[in-house]
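Working notes, beginning with the structure itself.
The values are calculated or read from the model by the stated rules, or taken from the named source; none is laboratory data. The shown structure was predicted, so the numbers you read here are calculated from the model rather than taken from an experiment. Here the Cβ positions follow ideal geometry from the backbone for every residue, glycine too, while neighbour counts run over all protein chains shown. Calculation scope for accessible area: heavy atoms of the full protein, side chains included, ligands and nucleic acids excluded. Shrake-Rupley method; radii C 1.70, N 1.55, O 1.52, S 1.80 Å.
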Amino acid sequence: MLPALAFGAEPAGASLSLAWTIPFAGMLLSIAVFPLVAPHLWHDHFGKIAAFWIALFLLPFAAVFGVDAALHNVVHALVGEYIPFILLLFALYTISGGILVWGTLRGSPALNTGLLALGTLLASVMGTTGAAMLLIRPLLKANAHRQHNVHVVVFFIFLVANIGGGLTPLGDPPLFLGFLQGVTFMWTVQHMLPSVAFCAAVLLTLFYFLDRHFWKRDPAPVATEKPQPVKLYGTWNMLLIAGVVGAVLMSGLWNSGVQIDIYGTAVDLQSLVRDALLLMLGLLSLWLTPKQIRAGNEFNWFPILEVAKLFAAIFITIAPAIAILRAGPEGHLSGLVSLVSNEMGEPVNGMYFWMTGLLSSFLDNAPTYLVFFNLAHGDAAHMMGPLASTLLAISMGAVFMGANTYIGNAPNFMVKAIAEQGKVKMPGFFGYMLWSGAILLPLFLLVTLIFFHF
């Protein structure tokens, strides 16, 4: 952990030892293990555990590289990445919690498949987080009477919280970053459509037959009251969701040319305006939505507070891992980086898909996308031209394989938390990976053969 003395405010990734990633690995293991071996301790003290890993990273880092370097990393993680991330989640979680689907919904295979298909389409229009937060509660209500309903939420995470967001830059943060780098909106739509459609079709078909199998095994529900027609309340919140989409688009299309330096982190004016709008839209929803609607949704703040505390630790402790990856062949992960090119230096697109995807399963998929985008070439025009297949591989890996773990994409964890509050016995961290390993990995192998011929 002592490769050299202080390197200033920004230690070079090539000089960082893999030992600096231990707190990040510890944070991931805590998320995986504590809910299994000490669930009550985790539920009551997960914030303190997250703070412990932050301290275990920052104190040695400050001792080796200086307090200034440690503060710089914290400010960059919070101001540059975490605060925009959590404000977007806050806005979408709050606004979607003000939309109530009330009435009798029977979670049949046809209805469940239809809801998953709708969410898959909406994910590219309003983002994976927006679509997931909008539809998870109606889906849980529709299946509350069923004994076997875990698979419904698992496939919801696969499709709505991840793969469905692959069609547009609005769908998932990595694609939005590509849009900011110069990848055109329609390039993403045209090139991602075949793979998204293929994965969605396979998963929806598999889900339908699996759900029909469990549906036949579940006892028939006993009707205790007259079925009620389905009604939608709080529909004005749809306009606020459109406002969220507009605010995100604005920050990508408007270049103000004005930057504010916050302790070494440059923040664009358009980003500040976007974050202010997101906060305002969330607060406006809280003000406008009657309490009865939120009560009908059993709305509470625990899911987003859990995500906020855990991801604060992830965003801070992940910094060394991202820096080492960005160092490319000079970093301590050079062995992994070298796998994406052949002996002549040409990109191996299948490996770009898998390396971007597997790292996105455990790291933040947005910076992982940028690492491999710049490693391949970095110029958007060239990436969309001669290296179009490589850009496609990076885009697919970052979006699709976020479904491999609970931490691969932010809405995964929120959906899990909301489902558990709805009395669904969700699998633990490794249990979920058994689901994704059994279903998604064979699918991604097939995707590799079809789209990259390797």
Checklist outcome for this item: Under the 7 Å Cα-to-Cβ spin-label approximation, Thr205 and Asp218 lie apart by a distance in nanometres of 2.4
Checklist entry - Taking 1 over the mean of 1/r across every pair of different Cα atoms in the chain, what Kirkwood radius in Å do you get? => result 22.8
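List the GluC sites (Glu not before Pro) in the stretch 257-360 that DSSP assigns to loop (not H, G, I, E or B) and whose Cβ has at most 16 other Cβ atoms within 10 Å. Which are they?
Glu298, Glu343
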Checklist outcome for this item: Cα extents of the stretch 258-387 per principal axis, largest first, Å, are 64, 36, 32
Checklist entry - With every protein chain present, what accessible area does Leu177 have (1.4 Å probe, heavy atoms only), rounded to the nearest 10 Å²? => result 40
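Show that you can apply the helix-only estimate: for the chain, add -39,500 (n - 2.57) for every DSSP H stretch of four or more residues, divide by all residues, and state [θ] at 222 nm to the nearest 500. Mind dumping the intermediate values first?
Details: 20 runs with 303 residues, N = 454.
So the helix-based figure for the chain works out to -22000 deg cm²/dmol.
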Item to check | Eligible lysines near Lys425 by straight Cα distance, threshold 25 Å, same-chain separation 8 or greater | outcome: Lys48, Lys141, Lys216, Lys309, Lys416
Checklist outcome for this item: Excluding ligands, DNA and RNA, the carbon-plus-sulfur percentage of the accessible area of the chain with a 1.4 Å probe reads 69
Item to check | Model label zone, Trp236; criterion: amide N under 19 Å from point 7 Å along Cα-to-beta-carbon; scope the stretch 98-128 | outcome: 98-102
Next on the checklist: Cα atoms only: what Rg and Dmax, in Å, come out for the stretch 113-242?
Outcome noted: 16.9, 57
Checklist entry - If you rank Tyr208, Tyr82, Tyr263 by how much accessible surface each has, with a 1.4 Å probe, what is the order from largest down? => result Tyr263, Tyr208, Tyr82
Checklist outcome for this item: Plugging the Cβ-Cβ distance of His382 and Gln228 into 1/(1 + (r/R0)^6) at R0 = 45 Å yields, to the nearest 0.05, a FRET efficiency of 0.20
Checklist entry - So between Phe430 and Arg106, what do we pick up on full extension, going 0.36 nm a residue minus the alpha carbon distance? => result 113.6 nm
Item to check | Distance in nm between pseudo-label sites at Lys291 and Asn342 (7 Å out along the Cβ direction from Cα) | outcome: 6.7
Checklist entry - From the square roots a ≥ b ≥ c of the eigenvalues of the alpha-carbon gyration tensor of the stretch 1-136, which class results: rounded (a/c under 1.5), prolate (a/b over b/c), or oblate? => result prolate
Checklist entry - Under the definition of Cα pairs under 8 Å and six or more residues apart, what whole-number percent is the relative contact order of the stretch 6-121? => result 32
Checklist entry - Rounded to the nearest 0.05, what FRET efficiency is calculated for Leu305 and Val258 with R0 set to 25 Å and r the Cβ-Cβ distance? => result 0.15
Next on the checklist: Rolling a 1.4 Å sphere over the protein heavy atoms, what is the accessible area per residue of the chain, to the nearest Å²?
Outcome noted: 42
Item to check | Area projected by the alpha carbon convex hull of the stretch 395-454, averaged over all directions, nm² | outcome: 4.4
Next on the checklist: Place a point 7 Å from Cα of Gln190 in the direction of its Cβ. Which residues in the stretch 382-424 have their backbone N less than 17 Å from it?
Outcome noted: 382-393
Checklist outcome for this item: The answer for the per residue Cα convex hull volume of the stretch 180-297, in Å³, is 224
